[in-house]
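Some notes on the structure that comes next.
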Amino acid sequence: MSRISHCTRCGHAVAHVVPDGDNRERAVCRSCGHIEYQNPRIVVGCVVEHDGAILLCRRAIEPRRGYWTVPAGFMELGESMGDAARRETWEEAEAEVELGEMIAAVDVVHAGQVHVFFRGRMATPSFGAGVETIESRLIAPVDIPWDEIAFPSVRIALEEFLQATAGITRPVHLATAPRYRFE
């Protein structure tokens, strides 16, 4: 995560200190006293299924260009998590989905993110490749390219989806993604 060096209100230099009444180091403006809070960003995705196959997208952007993922991306202000999951599925895979239950919430602490995944279903196998996608495919669970999955959080979501599909029901899976060094 990047460290703030200047105030977002007045532009003066900040000091990284624990403000009175707080318990964490924050960026505090030396001029106007504004305290800048940095909080995790939310990534929302969808494990989309049609007739037993899962919709995967090959990334056209970094990080992990050329690796497989489920449709996912940063949530925007003014939208719900469900709206974000549907929007990202359309943007990346040109697929309209009926959104199901949340299947996983993954803390990606080292990136300052929380990844939330939903189950999704396509009524018809209509999909394509959006601008951030090289190609998208419906892939049978036995053919998932596990060694080519882009991120640990996506692996966790796929594993949870497959567990639920096998009839193993449990509450939303909460996990912390391991720190992963990409090649």
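What follows is calculated from the coordinates using simple rules that are stated; it is not laboratory data. Keep in mind it's a predicted model, so treat the numbers as computed, not measured. Cβ coordinates were reconstructed from backbone atoms using ideal geometry, including for glycine residues, and neighbour counts include every protein chain displayed.
Here are the numbers:
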item: Degrees separating the helix 152-165 axis from the principal Cα axis of the chain, which is the longest one; result: 40 degrees
item: Anisotropy class of the range 41-176 from Cα gyration tensor, a/c 1.5 cut; result: rounded
item: Summed side-chain charge close to Met122 - residues other than Met122 whose Cβ falls under 14 Å, Lys, Arg +1, Asp, Glu -1; result: -2
item: Angle in degrees between helix 81-93 and the longest Cα principal axis of the chain, rounded to the nearest 10; result: 60 degrees
item: Estimated inter-spin distance, Thr169 and Val109, nm [label 7 Å along Cα→Cβ]; result: 3.3 nm
item: Expected 222 nm ellipticity per residue - DSSP helices of 4 or more, -39500 (n - 2.57), all of the chain, to 500; result: -4500 deg cm²/dmol
item: More than 15 angstrom apart: percent of Cα pairs within the range 1-93; result: 70 percent
item: GNM flexibility winner over the chain from Val14, Val116, Val131 (Cα, springs under 10 Å); result: Val14
item: Local net charge near Glu79, Cβ-Cβ under 15 Å (Lys/Arg +1, Asp/Glu -1); result: -1
item: The range 105-142 and the range 1-69: distance between their alpha carbon centers, rounded to Å; result: 20 Å
